[in-house]
Amino acid sequence: MELQKRKIVIVGAGHVGSHAGYALISQGLCEEIVYIDIDRKKAAAQAMDLFDATVYLPKRCLVRAGDYTEAKDADLLIVAAGPLPDMSKGQTRMDTLRETVAIIKDVVENIRTSGFEGIILNISNPADVVTHYIQHALDYPVQKILSTSTTLDSARLRRAISEAIGVDQKSVLAYALGEHGESQMAAWSAVTIGGKPLSQLQKEKPETYGALDLKAIAAEGKAGGWHILAGKGSTEFGIGAAIAEVVRAVFGDENRILPVSTLLTGQYGENGVYASVPSVLNRHGVAEVIELDLTKEELEEFHKSCQTMKENFELALTL
């Protein structure tokens with residue numbers, strides 16, 4: 001019997017790409033990682049540094065630098081190329097679209113000619129729009145290309161709720177939906193604390209849960225990435241862990257539900273837009289979209305977010 005090796009290609013050997021690799025090897029999620037970067041020296045150095053780390057990690061993983069010929073037999077390809085927003089200029093993730101698309105065009109052509117047929121996980125920002133752009137440019141099967149998108153924002157929202165109520169974030173279930181960016185929204189009607197709906201706790205304990213400032217909490221969750229970027233110049237560990245969580249669900253064929261960006265085809269009343277929603281993930285990629293019972297106000301927020309991404313996707317096609 002021949003054992004199957006799980007091989008991942010990571011395009012981009014910067015902060016995010018390197019921390020993605022470390023999260024994957026430290027959690028033993030694959031047997032081989034190949035880094036591709038226009039800066040070949042940096043890709044080789046990151047690969048060597050990570051491979052050295054595996055000596056003291058529970059599981060061996062071959063980490064090396066290579067080129068797009070390595071993608072042909074890979075199971076999953078992570079796109080982590082592109083600029084960070086320039087906070088000194090007040091840029092948002094969406095403001096990096098033009099620069100990112102210029103880089104992604106070359107990535108797309110290399111993927112096209114490589115013979116790669118596995119799962120594509122894009123984290124290049126603006127994540128939802130860029131994922132849609134890659135899918136459109138490659139005419140790739142929709143279920144096989146997705147973005148972590150608000151997987152990370154949902155973790156940040158859970159942290160913000162946890163800090164406000166004094167309950168561990170792992171006991172809080174909450175989703176940020178829509179864009180991995182400024183137009184994201186919090187699905188408060190779906191928030192549970194230890195399995196109990198937040199809306200019910202607000203009625204039962206008006207002096208504590210009922211006094212929560214939900215708008216402020218949602219704003220803090222959305223601002224999490226900006227706090228980190230302002231403090232140290234990049235986000236790394238959170239996105240690395242989010243990537244590992246998505247990869248585990250895919251490689252483990254878990255049918256696990258995570259908020260990822262996928263193409264909507266009527267769900268939530270939206271068509272032809274990549275947006276982050278709770279989705280069932282398995283070895284085929286996105287197997288199913290879960291439709292939450294959002295309130296009228298929440299749906300309006302979600303539609304506004306989708307409209308932002310639709311407009312920017314159309315812009316991306318002209319670049």
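The values are calculated or read from the model by the stated rules, or taken from the named source; none is laboratory data. Here the structure is a predicted model, which is why all the values come from computation and not from measurement. Glycine gets a Cβ as well: all are built from the backbone with ideal geometry, and neighbour counts include every protein chain shown. We work out accessible area using only protein heavy atoms, side chains counted, and drop any ligands, DNA or RNA first. Shrake-Rupley method; radii C 1.70, N 1.55, O 1.52, S 1.80 Å.
What to note about this one:
- Degrees, to the nearest 10: 15-26 long Cα axis against longest axis of the chain: 90 degrees
- With the largest listed first and rounded to whole Å, the semi-axes of the equivalent ellipsoid of the chain from the Cα gyration tensor are 32, 22, 19.
- Under 20 Å from the residue 189 label point (7 Å along Cα→beta-carbon), backbone N, region 289-309: 289-307
- For region 196-288, the Kirkwood hydrodynamic radius comes to 16.2 Å, computed from all pairs of different C-alpha atoms.
- Where Rh is the Kirkwood radius over Cα pairs, Rg/Rh for region 267-319: 1.03
- Average Cα contact separation per residue, region 125-177, under 8 Å, 6 or more apart, as relative contact order %: 30 percent
- Added length on full extension, which subtracts the Cα-Cα distance from 0.36 nm per residue, residue 49 to residue 138: 28.8 nm
- Debye intensity ratio in log₁₀ form over the Cα atoms of region 248-291, taken at each q of 0.28, 0.29, 0.32 Å⁻¹: -0.91, -0.96, -1.08
- Rounded to the nearest 10 degrees, the inclination of helix 296-318 to the longest alpha-carbon principal axis of the chain is 30 degrees.
- On Cα atoms only, tilt of 127-138 relative to the major axis of the chain in degrees: 40 degrees
- Divide the volume of the convex hull around the Cα atoms of region 161-319 by the residue count and you get 139 Å³ per residue.
- Size descriptor, Kirkwood hydrodynamic radius, that averages inverse alpha-carbon separations across region 1-56, Å: 11.6 Å
- Region 153-171 and region 218-241 have Cα centres spaced 15 Å apart.
- The Cβ shell under 14 Å around residue 217 holds other residues with a net charge of +1, Lys and Arg each +1, Asp and Glu each -1.
- When a 1.4 Å probe is rolled over the protein heavy atoms, the share of accessible surface on region 12-55 that falls to carbon and sulfur comes to 59 percent.
- The smallest convex shape that holds all Cα atoms of region 96-141, its convex hull, gives 64 Å³ per residue.
- Remark: the chain carries 46 Å² of accessible area per residue (probe radius 1.4 Å; ligands, DNA and RNA excluded).
- Accessible heavy-atom area order of 311, 207, 270, highest first, probe of 1.4 Å: 207, 311, 270
- One equal scatterer on each Cα of region 44-155, no solvent, Debye formula: the resulting log10 I(q)/I(0) at q = 0.18 Å⁻¹ is -1.02.
- Comparing 169, 267, 143 in a Gaussian network model of the chain where C-alpha atoms under 10 Å apart are linked, the largest mean-square fluctuation is found at 267.
- Where N is the number of residues in region 146-214, Cα Rg divided by 2.2 N^0.38 Å: 1.11
- Estimated purely from DSSP H runs of n ≥ 4, each contributing -39500 (n - 2.57), the mean residue ellipticity at 222 nm for the chain is -14000 deg cm²/dmol once divided by its residues.
- Restricting region 21-127 to trypsin sites (Lys or Arg not before Pro) in coil, as DSSP defines it, with at most 15 other Cβ within 10 Å: 59, 60, 72
- Alpha-carbon centroids, region 42-63 and region 186-208: separation in whole Å: 44 Å
- Seen from all directions on average, region 29-89 presents a Cα convex hull projection of 5.7 nm².
- Gap separating the Cα centres of region 91-134 and region 256-314, nearest whole Å: 19 Å
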